[in-house]
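The values are calculated or read from the model by the stated rules, or taken from the named source; none is laboratory data. These figures come from a predicted structure and were not determined experimentally. FYI the Cβ positions are ideal-geometry reconstructions off the backbone, even for glycines, and counts take in every protein chain you see. With ligands, DNA and RNA removed, areas are computed over all heavy atoms of the protein, side chains included. Shrake-Rupley method; radii C 1.70, N 1.55, O 1.52, S 1.80 Å.
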Amino acid sequence: TSEKYVVLAYLQTDGLNYNISTERIIDWLKQLETEQPFVVTEAGLDYGGGKFLQRVDDPRQLAERMFAFCPDIVDQGVGSVSNLEKELAKPSPQLYLWWD
């Protein structure tokens, strides 16, 4: 389906270890999409990923927002908000969120 939020709702993607419900993830992503359009290319019980359709307008601000919402992308992933910012500043930035 092209309905990314239906997929996330069906899979019940959540971050329960951070007390983040499926509905909260969908709301957060819908807000993000109004500012920074993206497509979802993968989803599961505790993760979702995709790619942004254009360069990220403010990589630092988005890195901070993403870290606040999904700390595992830094803590278990790129290692720092600065590294996440560098990833988001690339010409074809990826969107990836997961909660272990």
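Within the range 34-81, work out how many residues are in contact (Cβ under 8 Å) with a residue 12 or more places away in the chain and not in a helix (DSSP H, G or I).
Residues in the range 34-81 being in contact (Cβ under 8 Å) with a residue 12 or more places away in the chain and not in a helix (DSSP H, G or I): 22 in total.
Any residue in the range 5-21 that is in contact (Cβ under 8 Å) with a residue 40 or more places away in the chain and assigned to a helix (DSSP H, G or I) sitting within a Cβ distance under 9 Å of a residue that is open to solvent by 90 Å² or more (accessible area, probe 1.4 Å) and of a type outside the set (Ser, Thr, Tyr)? List the pairs, counting only those 6 or more apart or interchain.
Correct list of pairs: 17/100.
What are the residues in the range 53-100 that are closer than 21 Å to residue 13 by Cα, open to solvent by 60 Å² or more (accessible area, probe 1.4 Å) and more than 12 Å from the chain's Cα centre (by Cα), if any?
If the condition is that a residue be closer than 21 Å to residue 13 by Cα, open to solvent by 60 Å² or more (accessible area, probe 1.4 Å) and more than 12 Å from the chain's Cα centre (by Cα), then 75, 76, 100 are the ones that fit.
Report yes if residue 31 is among the polar types (S, T, N, Q) and modelled with pLDDT of 95 or more, otherwise no.
On the way: among the polar types (S, T, N, Q): yes; modelled with pLDDT of 95 or more: yes.
In short, yes.
Which one of these does residue 39 not meet: (1) open to solvent by 90 Å² or more (accessible area, probe 1.4 Å); (2) of a type in the set (A, V, I, L, M); (3) farther than 17 Å from residue 100 by Cβ?
Going through the list (1) open to solvent by 90 Å² or more (accessible area, probe 1.4 Å); (2) of a type in the set (A, V, I, L, M); (3) farther than 17 Å from residue 100 by Cβ, residue 39 breaks only (1).
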